[in-house]
Amino acid sequence: MLRRIHSLPGVVFAILLTVIAVSGAFLSVVPALDRLANPAATAEISVATLAEAVGARHQEIDKIVVRPSGAVTVSYADNGASGTEQVDPTTGASLGAPEAPSALVRWMTELHRSLFLGDAGKIGTGVAAAAMLALSLSGIVLLMRSLGGWRGYFAPVRGDLLTRLHGEVSRFAVVGLMLSSLTGLYMSADTFGFLPDPTADAMPAMVSGSGGPAAPVGSLSALQSISVADLRELTFPAQGDPADVYMVTTTKGDICVDASTGAVLSFMPASTWDRVREIVVMLHTGRGAWLFGLLLGAASASVPLL
């Protein structure tokens, strides 16, 4: 019975699983390439230092954003013309216009997420993730039975060439395939609203600053205490509005900072669901963990062979 459970999803979903796995293996290389292309943010540089360096070069700054790729971008306006540039997170120096994903990466991403079929395709990829999880779980149990139990996990696989090849590859790929399947299922459930939305019941209240003259951004104590490595987004107050504030999104939560005194006006910690979602996305995509992403990509690349 277990052997039928193992073989049936593989036969029914063979082409679909192969397409999703191969596209996933391709995309797993992108975070590593991004890591090579983008300077890494360090804990030694504060948000205040970065904002001060960037602000010295532009008349008005809208926001500083740390993208999932690790690139740090700045939206600004000079002489009435707006623009966006990538900056070095350690110095604030301009690195030119941010590089957009290539057409091939965008094509592969859409193929992997939805098969170019919109919501129907996203449902299909979720079903495929469930099938891969069933294949992985049933397959590892069958393999352990043939090897005499879990103690024989690394014992030689017996049988003909194809049987040995299937067993040897699968026992090293199965952990990665199960993790990719579980995180893919989580992301599918999140996409279609089956998971709690913490922002629905935790909308931040409107906060106004003290109204005093704006202080240099580099002198604001709250921003000095935040590392660029923890930053997700920094939104600057509107020029000419003394009551507006700095809005900071970090790995720990959302912070409002007075533009005059540098005091923290409010703090909304990231919820457990926010943290879980961030970890799941990191594990599935490799964004922020490029080496781990390459290992999952290698596991996905084994699917056509299996």
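The values are calculated or read from the model by the stated rules, or taken from the named source; none is laboratory data. Just so you know, these numbers come straight off a predicted model, no measurement behind them. Don't worry about glycine lacking a Cβ; one is built from the backbone with ideal geometry, like all the others, and counts go over all protein chains shown. Accessible surface is based on the protein model in full, side chains and every heavy atom, while ligands, DNA and RNA are left aside. Shrake-Rupley method; radii C 1.70, N 1.55, O 1.52, S 1.80 Å.
Against the main long axis of the alpha-carbon atoms of the chain, helix 14-27 sits at an angle near 40°.
Could you look at the chain and say what percent of its accessible area is carbon and sulfur, using a 1.4 Å probe and all protein chains? Whole-percent figure for carbon plus sulfur exposure: 64.
Under the 0.36 nm per residue contour assumption, what length would be gained going from the current alpha-carbon distance of VAL127 and ARG67 to full extension? Walk me through the numbers before you get to the answer.
On the way: separation 60, 0.36 × 60 = 21.60 nm, distance 2.94 nm.
Result: 18.7 nm gained on full extension.
Across the chain, the relative contact order, built from alpha-carbon pairs under 8 Å that are at least six residues apart, equals 26 percent. Only alpha carbons enter this Debye calculation for the stretch 64-196, each as an equal point scatterer, and the log10 of I(q)/I(0) it gives at q = 0.13, 0.14, 0.22 Å⁻¹ is -0.81, -0.86, -1.17.
What does the charge add up to near MET206, with Lys and Arg as +1, Asp and Glu as -1, over the other residues with Cβ less than 15 Å from its Cβ? Walk me through the numbers on the way to the answer.
Working: positive: none; negative: ASP241, ASP244, ASP254, ASP258.
Around MET206, the surrounding residues sum to -4.
To the nearest ten degrees, helix 2-12 and the longest principal axis of the Cα atoms of the chain are 60 degrees apart.
A 1.4 Å probe run over the protein chains yields, for the chain, 54 Å² of accessible area per residue, whole-number rounding.
Over the stretch 167-258, with a single point scatterer placed on each C-alpha, what log10 of the ratio I(q)/I(0) does the Debye formula yield at q = 0.14 1/Å? For the stretch 167-258 at q = 0.14 Å⁻¹, log10 I(q)/I(0) is -0.72. Look at where the Cα atoms of the stretch 107-135 and of the stretch 229-306 average out, and the two centres are 25 Å apart.
Under 1.5 on a/c is rounded, so check that first for the stretch 233-306, then, if it is not, pick prolate when a/b is larger than b/c and oblate when it is not; a ≥ b ≥ c are the square roots of the alpha carbon gyration tensor eigenvalues.
Numbers: a/c = 5.09, a/b = 3.21, b/c = 1.59.
Prolate shape, in that a/c is at least 1.5 and a/b is the bigger ratio.
Comparing GLY253, GLY184, GLY212 in a Gaussian network model of the chain (Cα springs below 10 Å), the most mobile by mean-square fluctuation is GLY212. The ratio of the alpha-carbon radius of gyration of the chain to the globular-protein estimate 2.2 N^0.38 Å is 1.24.
Across the stretch 5-77, Cα-Cα pairs farther apart than 14 Å form 73% of the total.
With axes computed from alpha carbons, what is the tilt in degrees of helix 290-301 against the longest principal axis of the chain, rounded to the nearest 10 within 0 to 90? Compared with the principal axis, the helix lies near 30 degrees. The modelled label-to-label distance between ALA56 and ASP197, using points 7 Å beyond Cα along the C-beta direction, is 4.4 nm.
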